[in-house]
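Each remark here refers to the structure printed beneath this line.
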Amino acid sequence: MLFAHGFGCDQNMWRFVAPAFEESHRTILFDHIGAGKSDLSAYDPDRYASIDGYADDVVELCRELEIQGGVFVGHSVSAMIGALASRTAPDLFDELIMVGPSPRYIDDDGYTGGFSEAQIHELLDFMDNNHMGWSQAMAPVIMANQDRPDLSEELTNSFCRTDPEIAKQFARATFLSDNRRDLRDI
């Protein structure tokens, strides 16, 4: 069972979930490049200009760990990363569990992604100009759990630990992606 974190997070976000499966599954947690304790020297801006590069990483990781017929648990953008990985290598996963997935974040005719295109560009501009301010402003909104301010603080800290330049490109790859057609093949 492979757990993949969402944008701005790291594998630590699964610490309350993954242990529940350790008796019945081999559990694997990892950090996407630029997050957590990933090797920043492995970052290639061309490879990670789209979420396809992250999906290729998942395939490579699974091949290295000899995973076949596994369970992929992906949060947020990682749900789509898992979908793309499963299209590339259908033998890797028998099940995809998508937590808070969105194949497209921008509203379209007949489709609600949650944001207008202008809002996404404002968000990306804010992030470009003030990563720390963006982190502090967005974490409580994304967490949406006013009764647990500690969770918003944890997410803010996670955003702030992420390499800002890599985070900016990952944000563009995430929030400008459109993977609706990819879901037909899953």
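Residues in region 1-111 average 49 Å² of solvent-accessible surface per residue, probe 1.4 Å, ligands and nucleic acids excluded. Counting 0.36 nm for each residue step from R87 to E117 and taking away their Cα separation leaves a gain of 8.1 nm. Overall shape: rounded for region 1-108, with the ratio a/c of the largest to smallest alpha carbon gyration tensor axis below 1.5.
The values are calculated or read from the model by the stated rules, or taken from the named source; none is laboratory data. Because the structure is predicted, anything quoted here is derived from the model rather than measured. SASA here: full protein model, heavy atoms, side chains in, ligands and nucleic acids out. Shrake-Rupley method; radii C 1.70, N 1.55, O 1.52, S 1.80 Å.
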